[in-house]
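Below are the structure tokens for one structure; questions will follow.
Every read-out reported here was derived from the displayed coordinates using simple, explicitly stated rules and does not represent laboratory data. Since the structure is predicted, the reported quantities are computational estimates derived from the model, not experimental observations. Every residue, glycine as well, gets a Cβ built from its backbone with ideal geometry; the counts of neighbours run over all protein chains shown.
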Amino acid sequence: MRKRVSVILAVLIVLASVVPAAVAGAGAAAVDGDRDVVPQRADPDEDVIGWEGGYWHDEEIDVDQTDGLSDEEIDTYVARAMARVEYVRQQEFDSEVPVEVLSREEFRSQRGQNATSNASFDAWNDQVWEALFIIGEKQEANEELQSATGQSTAGFYAPGDDRIRIITDSPDSPTIDNATLVHELVHALQDQNGDLGEQISNTETQDAGLATDAVVEGEANYVERRYTERCGAEWECVETPGDSSGTQAPPNLGILLTLLQPYSDGPVYIDWLRERGGWEAVETAFQDPPESTEQVIHLTDDEPVPIEYEDRARNGWETFPNQGENGSDTVGEASTFVMFWYQARTARADTISVQSVARTTDPLDMYNYDARPSAGWGNDRVFPYQRTSDGESQYGYVWVTEWDTEQDAAQFHTAYRAILDAHDAEQQGENTYVIPSGEFADAFRIDRQGTRVTIVNAPTADALGDVRPTGAAGSTDGDRSTADGSDEGTTAAADGGTGSTGLEAPGFGPLTAVLALIAAVSLAAVGRRLD
């Protein structure tokens, strides 16, 4: 189960660049035809969908944010926004949702006070992100995650106290973006009707966390999109003054793109569910979310294949038994895609086209997470390892990946080798490579057998055999391949198993446990972009 000090759903205005292109499909789409708009002015005798706090969804209100919002204006603004969320979502709020304004200084102070420290988790988490070639050895994952998620928080909904908090640099004259308010109100509606805090805290892996967030954040972005499509067409919407804040240094884009996946692919997944079974299908998915990002990316019900793993480490190398499930995590297809994209962008690895992330086919989709080296993902488990000698710690990992076909495994293998090549890796034995310098300087062994590819990492080539000995009792992790990655044999099938991985999700569950900040990052499809 993902451990949290508090569970917070947040909206961030991201000031970093993924690709130099506007969000795909940012233009206005056709208005959702769930109901005809019928102007109504008289208050109903009882609370009905599309009416809240004395305001119908299609009423005009006298709210002007150019000089900030008064308390009365906030109440009016929120009440009508609640009515509009009800109208689009066709679901009733059970109670009003308080909205509070928090200064950015106070927000940062609270975040710092809530931060916790766990040296064992930090070391374990560092190895998971290092395995993805997203965070290097000289960086700390928690600091990088905090930078990626905390630079420009606009607001958040906290299920723990059932309220929205808007973060602003001018608390005496606050403004609230329409998209931010609607997004967080959807989270409040989810919480009132389905116990949001419990739902998002129950996932066990990074991949499962992203998949669950695809439903939670996908629904919020889907409703937000339907809302903004009506602004200026069917509805009068409160304008938000332009942001005059200065430009900040961009965060780690590999982390950012990983965190954005539910917000990009989630709305498409929600739309797919609605086509299959209406809002009832969405509610079912909320209670029983997809297990993997593969299911969200490819709109499928295919479940991950089980992976068994026997620890054979020797000479003092051991897993982190108190982290994750038996010390392992599952990073999933989305994070694997980001690895290939990020290394193509930062190291010019010959993996995938950097521009491919912007090649989407659905107007609801912001970014593309489907590429040949990561498609065909069947499952994976990452096992970080540690060894202490003379008071100094050494680290490594074993990443076991399972693929749908041998061709899928070969494509992953080839692309992974391209990453090593981009870092000037030198071959030092069969399937063994050493990156001599830089943030990922380490030794690597790639074992491929049938549909399984196992990557072993250690500080030196000699230590690889201690982290993961080869040829133990006739058991190997992979077949032999030539220096250029071509096959010399793929005779054995991947191991079967009865249990899949379960762990605290690095960057998602543990991120909020450590930072007590955020479950994930949101980027609105309208009015905000990675630029």
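I'd like the FRET efficiency for N326 and Q407, computed as 1/(1 + (r/R0)^6) with the beta carbon distance as r and R0 of 30 Å, rounded to 0.05.
The formula returns an efficiency of 0.50 here.
Something else about it: Measure off 7 Å from each Cα along the Cα-to-Cβ vector at D94 and N118, then give the distance between these two points in nanometres to one decimal.
Modelled inter-label distance: 3.0 nm.
Could I ask something else about it? Radius of gyration and Dmax for segment 64-180's Cα atoms, expressed in Å?
Taking only Cα atoms of segment 64-180, I get Rg and Dmax of 18.6, 51 Å.
Per-residue HN-Hα couplings for segment 352-358, Karplus 6.51 cos²θ - 1.76 cosθ + 1.60 at θ = phi - 60°, whole Hz, x for Gly and Pro?
Karplus values, whole Hz, x for Gly and Pro: 9, 5, 4, 6, 4, 5, 9.
Based on the alpha-carbon gyration tensor of segment 346-439 and its eigenvalue square roots a ≥ b ≥ c, which shape applies: rounded if a/c is under 1.5, prolate if not and a/b is larger than b/c, or oblate?
Verdict is prolate for segment 346-439.
Only sites in a loop by DSSP and with at most 13 other Cβ atoms within 10 Å count here; which trypsin sites (Lys or Arg not before Pro) in segment 42-120 make the cut?
The qualifying sites: there are none.
May I pose another question? Classify segment 230-321 as rounded, prolate or oblate from the Cα gyration tensor: take a ≥ b ≥ c as the square roots of its eigenvalues, call it rounded if a/c is under 1.5, otherwise prolate when a/b beats b/c and oblate if not.
oblate
With r defined as the distance between the Cβ atoms of E234 and R314 and R0 fixed at 51 Å, what FRET efficiency is calculated, to the nearest 0.05?
Step by step, r from the Cβ atoms, then E = 0.15.
Pull up all non-local amide H partners of E100: gap of 5 or more, or a different chain, and H-to-H distance under 5 Å with H placed in the peptide plane.
Under 5 Å from the amide H of E100 lie the amide H atoms of I164, R165, I166, each far enough along the sequence or on another chain.
Are there chymotrypsin sites (Phe, Trp or Tyr not before Pro) in segment 285-332 that DSSP marks as loop and that have at most 11 other Cβ atoms within 10 Å, and which are they?
Hits after loop and neighbour filter: nothing returned.
Can you give me the distance in nm between label points at E280 and E392, each placed 7 Å from the Cα along the Cα-to-Cβ direction?
Simple spin-label model gives 6.5 nm for this pair.
Please find the FRET efficiency linking D169 to D301, where r is the Cβ-Cβ separation and R0 is fixed at 56 Å, and quote it to the nearest 0.05.
0.80
What's the extension gain from D71 to N193 if we count 0.36 nm per residue and subtract their Cα-Cα distance?
41.2 nm
Report the extension gain between E60 and R372 in nm, rounded to one decimal, defined as 0.36 nm multiplied by the number of residues separating them, less their alpha carbon distance.
Here the segment from E60 to R372 would lengthen by 107.4 nm.
When only alpha-carbon atoms count, how far does segment 372-420 stretch along each of its three principal axes, as whole angstroms with the largest first?
Reported extents, whole Å, longest axis first: 45, 21, 12.
Chymotrypsin sites (Phe, Trp or Tyr not before Pro), restricted to segment 341-394: which are DSSP loop and have at most 10 other Cβ atoms within 10 Å?
Sites meeting the loop and neighbour criteria: none at all.
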